[in-house]
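One structure is given below, encoded as structure tokens.
Derivation of every value follows stated rules applied to the coordinates shown; laboratory data play no part. Note that the coordinates shown come from a computational prediction; the quantities given were computed from them, not determined experimentally. When we count neighbours, we look across all protein chains shown, and the Cβ atoms used for this are built from the backbone with ideal geometry, even at glycine.
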Amino acid sequence: MKRILHTSGTILLSAALGLTVLTGCGASGAASASAAPAADSASAAVTSETAADSAADSTADENELEAVKAAGKLVIGMEGTYPPFTYHDENGELTGMDVEVGKALAEKLGVEAEFQEASWDALLIGIDSGRFDTVINSVSVTPERAEKYDFSDPYYYEARHVVVRADDDSINTPDDLNGKTIATNSTNAFIPWYESHGASVVTVDTSSEGIDMVLTGRADFLGMNVPVLNAYFDEHPDAKSKLREAFVIPDSEDTIAIPLRKGQTEFKDAINEALSELRADGTLAAISEKYLGGDYTNSAYAE
């Protein structure tokens, strides 16, 4: 996410918590009578945990590339609510830059692309659990994520802009963020930078919600990339005169790549080879231009 969200992205948060409630008996007779069932329950819990651990080990040991080809499909996790990367068009069809990248990638691997939608916070967890083979959802590479996942070569780059109300002339440089509030999701990789400049965070679930908070004065600014902002303006042309880009965050370019389970070397090599071919034949650039209004497949800092 990167995003205002992730960077923007739009930005999604959702966590599922499982709570186990244990009820004890007060009477001594009841305690004696319930001892065996309790022991059975404990044994069942241990068995369940062991089975879960075994399943996790099996997933970790599995050759992901062979599994994908055997299944004939590449299962890709994405939000479906982050235009122009993953969203639903007027006919309800899932589309966007990352959707087309996923389809092109799957075709290069000789399989079909199967997309499964989930909230942002559940996406990488889906890789851990084996629900997804990968996630293609404008995921930025961060040191923390790189410790847990392997990443493909980058397929997209984006720099972040601070966006404010058009009538707000109090924010023009990083120093102006002191005492201001940013509307973003809680996993935004740039939060430490904002906080280091004195800003506080107001969490939101989508970029549209964040923009609304800025327009209504409930937050002072957003951190967004130009393609996402332009996509919002395409859908809300009246907002174009109400927002402005205050400045570009220094050294803010996000490197966007495809996260994979650690240690799946063959799978990673196959993904990189496919991306290399899509870059060489112009497919990546064409997809970027179609959805982002320009070719953002190369680093702005590249010589």
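Only alpha carbons enter this Debye calculation for region 57-175, each as an equal point scatterer, and the log10 of I(q)/I(0) it gives at q = 0.12, 0.17, 0.22, 0.23 Å⁻¹ is -0.53, -0.93, -1.37, -1.44. For the pair Glu107 and Asn298, a Förster radius of 25 Å applied to the C-beta separation gives a FRET efficiency near 0.65, rounded to the nearest 0.05. Under the convention that each Lys and Arg Cβ holds +1 and each Asp and Glu Cβ holds -1, the size of the dipole of region 168-303 around its Cα centre is about 280 debye. A Förster radius of 35 Å combined with the Cβ-Cβ distance from Ala285 to Ser186 puts the calculated FRET efficiency at roughly 0.55. The modelled label-to-label distance between Asp89 and Ser170, using points 7 Å beyond Cα along the C-beta direction, is 4.3 nm. Its Kirkwood hydrodynamic radius, worked out from the mean inverse distance over all distinct Cα pairs, puts region 154-303 at 17.0 Å. Checking the table Lys262/Lys290; Lys103/Lys268; Lys180/Lys242; Lys103/Lys148; Lys242/Lys290 against a 23 Å threshold on Cα-Cα, which pairs fail? Going by Cα-Cα distance, Lys262/Lys290; Lys103/Lys148; Lys242/Lys290 fall outside the 23 Å limit. A P(r) calculated from all alpha carbon pairs of region 212-290, with 5 Å bins opening at zero, reads 3, 10, 15, 16, 14, 14, 11, 9, 7, 2, 0 percent.
Determine the dipole magnitude for region 140-192: charges of +1 sit on the beta-carbon of Lys and Arg, -1 on that of Asp and Glu, nothing else is charged, the reference point is the Cα centre, and the result goes in debye to the nearest 20.
160
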